[in-house]
Amino acid sequence: MDSNNTVSALSEIPDVSNANKKLESRKSGQPSFRVAIFSLGDSLCHALAISMVVYFFWDCLNQSISSLTGWHASLFTLAYVFFMTEGLLIFLPHSVISRGWGHKHLIKLHWILELLGFIFLASGMTIIIVSKNQSNRRHFVSSHAITGLAAVILAVLVSLFGWWTRLDRQVPFIVFLGHSLKYHLGLKMSHLKLVHSALGVGSYGVGMAAQILGYFTHYYMNKHDAEWRVFLSVMTALLSLVAFLFASTSLYKRTRELLRK
Ligand code: HEM
């Protein structure tokens, strides 16, 4: 088969032709009004995410450097508001960071961002558990703590399914285990990807809800007035809405494609 035939044969495969269409739309970069508005919205999201992380670390270093809860809040903000949000925003067709990137590079950047997010998530979780143990307080009682725990559990599941979809890149024992499990459960790669996306959307939504509930804990209410906490909640909700709506739309498209097959 010559190269032209190979390309046309590949584009018959739905996944490949979709990826090609997305890449073309990313590469086109035509200076239309719509592209300009989307790019502006995307830039504002990056600026907002960075500002929130800088603010939380500044607040922690300025007022409560020895407070473990201050570090918990900063690390979770870095994990969810920055890394997890960026991990979703890079897939936006008009992303100012990854416009023109191929699918392979996007996936690589996605898992690097999500892995870093996961490391800070684990650190934030360890710190708050140590802090509560030190002061003999009961665990997972408040609505913030319960939502936060649910977000962390979901994030672990998202990572597991993410690694499961990348079986070709693992050590032989894990490859064997992953393939046998997939075979015995009768799962296809498209099922694993769908579960990864669905859990990802869920984990992100629950995590951002925990972030907002964090602004209404006694610790934070003693530190900042109501107006500031409401302002932070609105900013967090706006940022998460962009990433959440985009991720839900692509999850909907993925589900529709799977049901059509
Ligand atoms: C996505 C972001 C966040 C997640 C997933 C999260 C998760 C958690 C979890 C699981 C606990 C319970 C630990 C335990 O009971 O042993 C907790 C406690 C706590 N978090 Fe967060 N947190 C987040 C962000 C924040 C933020 C932004 C603040 C403050 C502004 C904050 C303040 C607190 C405080 C004061 C506690 C101790 C009181 C309580 O248990 O409710 N958290 N967090």
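The values are calculated or read from the model by the stated rules, or taken from the named source; none is laboratory data. Since we're looking at a predicted model, the values are computed, not measured. Methodologically, a virtual Cβ is constructed for each residue, glycine included, from the backbone with ideal geometry; neighbour enumeration extends over all protein chains shown.
Couple of notes before you dig in:
- As for segment 150-157, it holds no residue that is without any contact (Cβ under 8 Å) to a residue 12 or more places away in the chain, in a loop (DSSP other than H, G, I, E, B) and within 14 Å of the ligand (Cβ to nearest atom).
- Just one residue in the set Ser233, Ser197, Ser250 is modelled with pLDDT of 95 or more, small (Gly, Ala, Ser) and assigned to a helix (DSSP H, G or I); that residue is Ser233.
- Condition check for Val206: of a type in the set (A, V, I, L, M), crowded, with 18+ Cβ neighbours inside 10 Å and at pLDDT 95 or above: yes
- Take the conditions (1) part of a helix (DSSP H, G or I); (2) among the β-branched types (Val, Ile, Thr); (3) within 16 Å of the ligand (Cβ to nearest atom); (4) without any contact (Cβ under 8 Å) to a residue 24 or more places away in the chain; Val53 misses just one of them, which is (4).
- The set of residues in segment 212-223 that are more than 14 Å from Ser142 (Cβ to Cβ) and surrounded by 15 or more Cβ atoms within 10 Å (Cβ to Cβ) contains only Lys223.
- Criterion (without any contact (Cβ under 8 Å) to a residue 24 or more places away in the chain and away from the ligand (no atom under 16 Å from the Cβ)) met by exactly one of Ser180, Ser95: Ser180
- Leu115, sole failed condition from (1) near the ligand (Cβ under 10 Å from one of its atoms); (2) farther than 28 Å from His224 by Cα: (1)
- Tallying residues that are exposed (fewer than 14 other Cβ atoms within 10 Å of the Cβ) and touching a Ser or Thr at 6+ places or on another chain (Cβ under 8 Å) within segment 97-114 yields 1.
- Qualifying residue in segment 108-126 (condition: over 28 Å from Asp42 (Cα atoms) and either in a loop (DSSP other than H, G, I, E, B) or of a type in the set (Val, Ile, Thr) (or both)): yes
- Filter pass, Gly41 being touching a residue at least 24 places away in the same chain (Cβ under 8 Å), surrounded by fewer than 17 Cβ atoms within 10 Å (Cβ to Cβ) and assigned to a helix (DSSP H, G or I): yes
- Number of the exception - Phe216 against (1) near the ligand (Cβ under 10 Å from one of its atoms); (2) assigned to a helix (DSSP H, G or I): (2)
- Boolean, Thr85 is touching a helix residue (DSSP H, G or I) at 6+ places or on another chain (Cβ under 6 Å) and within 14 Å of the ligand (Cβ to nearest atom): yes
- For Arg254: the one exception among (1) of a type in the set (Lys, Arg); (2) touching a Lys or Arg at 6+ places or on another chain (Cβ under 9 Å); (3) surrounded by fewer than 14 Cβ atoms within 10 Å (Cβ to Cβ): (3)
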